[in-house]
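Remarks on the structure that follows.
Derivation of every value follows stated rules applied to the coordinates shown; laboratory data play no part. This structure is a prediction, so every number in the text was calculated from the model and none was measured. Please note: Cβ atoms are built from the backbone with ideal geometry, for glycine as well, and neighbour counts cover all protein chains shown.
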Amino acid sequence: MRKGLLITFEGGDGSGKSTQLSLLKEYLIQKGIKILTLREPGGVAISEKIRKIILDNKNTEMSPVTEMLLYAASRAQLVSQVIKPSLEKGITVICDRFVDSSYVYQGLARGLGIDTVKLVNDIATEYILPDITFFMDIAPELALKRRFNASIPDRLENENISFHRDVYMGYLKLTELYPERIKRINGEIGINAAFSSIKKYIDDLLCRYIK
Ligand code: TYD
């Protein structure tokens, strides 16, 4: 039985997910909620090793199917080792990316299809889905500009702008497919304004959850 909430952040590279995740973490801690924050791909030793293979700029020959399976393998380890046991203990887990990243990057941008990615990931996640997902909506051109100023780009970030546009369009499509779960947050209106819309959704979720 799940007792903790699973909250995820999604968006293109450089969309401001991490900043909002930190703000939400502080907000929930102040409310006395037990929190664990994680990032994907990674989060535990085995998954961090898989992350290095996936994001290594030298791995130019990696096929889209290999890429999908590696992300799913990294996720399966994180779910079984940390996410599932934490939720069962009543800990709220906030994750920087989760299964929606695979739907969008591998399913839509790489063209494997959402159905294929879902089939594989239902096994990886043991059918665990987030209670709420925040999609940080910022134009891909702006996001990339922010991202490239921050650090050296990895294999996925090195994809051309049309890939990043496909990722962006993919997220918009996903938001339409799962409107109950995925909330679109305008990422271009400033950190505080974006966080106040996140806070509204979270307060509402907590009210429903605590009842
Ligand atoms: P990371 O440096 O964590 O990016 P960010 O800070 O933007 O989250 O790198 C993760 C990269 O992997 C990012 O480009 C998105 C991609 N990705 C997928 O393609 N599929 C997935 O399932 C996940 C979790 C990430």
Which listed pairs, of Lys52/Lys145; Lys89/Lys199; Lys17/Lys200; Lys34/Lys118; Lys25/Lys118; Lys25/Lys173, have C-alpha distances above 20 Å, in listed order: Lys52/Lys145; Lys89/Lys199; Lys34/Lys118; Lys25/Lys118; Lys25/Lys173
The chain, dipole about Cα centre (Lys/Arg Cβ +1, Asp/Glu Cβ -1), debye to the nearest 20: 680 debye
Centroid-to-centroid separation of the stretch 25-51 and the stretch 91-116 [C-alpha atoms, Å]: 17 Å
For the stretch 83-206, diffusion coefficient by Stokes-Einstein and Kirkwood Rh (Cα), 10 °C, 1.306 mPa s, µm²/s: 99 µm²/s
Hull volume in cubic angstrom per residue (convex hull over the Cα atoms of the stretch 49-147): 123 Å³
Residue-wise HN-Hα coupling along the stretch 88-93, computed from phi with Karplus coefficients 6.51, -1.76, 1.60 (Hz; x: Gly, Pro): 5, 7, x, 8, 7, 10
Alpha-carbon centroids, the stretch 188-207 and the stretch 135-182: separation in whole Å: 20 Å
Neighbour-count order for Met68, Met62, Met136, fewest beta carbons within 10 angstrom listed first: Met62, Met68, Met136
Computed lengthening from Ile46 to Thr19, 0.36 nm per intervening residue step minus Cα-Cα distance: 7.2 nm
Under the Karplus curve 6.51 cos²θ - 1.76 cosθ + 1.60, θ = phi - 60°, whole-Hz ³J(HN,Hα) for the stretch 95-102, x wherever Gly or Pro sits: 10, 7, 6, 7, 4, 4, 4, 5
Two-decimal ratio, the stretch 61-102, of alpha-carbon radius of gyration to 2.2 N^0.38 Å: 1.36
Long-range amide H partners of Arg39 with built H, under 5 Å: Asp96
The chain: radius of gyration over Cα atoms, expressed as a fraction of 2.2 N^0.38 Å: 0.97
Integer Hz, Karplus 6.51/-1.76/1.60 couplings in order for the stretch 193-206, x for Gly and Pro: 5, 5, 5, 5, 6, 4, 4, 4, 5, 5, 4, 5, 5, 5
Exposure proxy order (Cβ contacts within 10 Å, fewest to most) of Phe135, Phe195: Phe195, Phe135
Volume per residue of the C-alpha convex hull in the stretch 1-120, rounded to whole Å³: 103 Å³
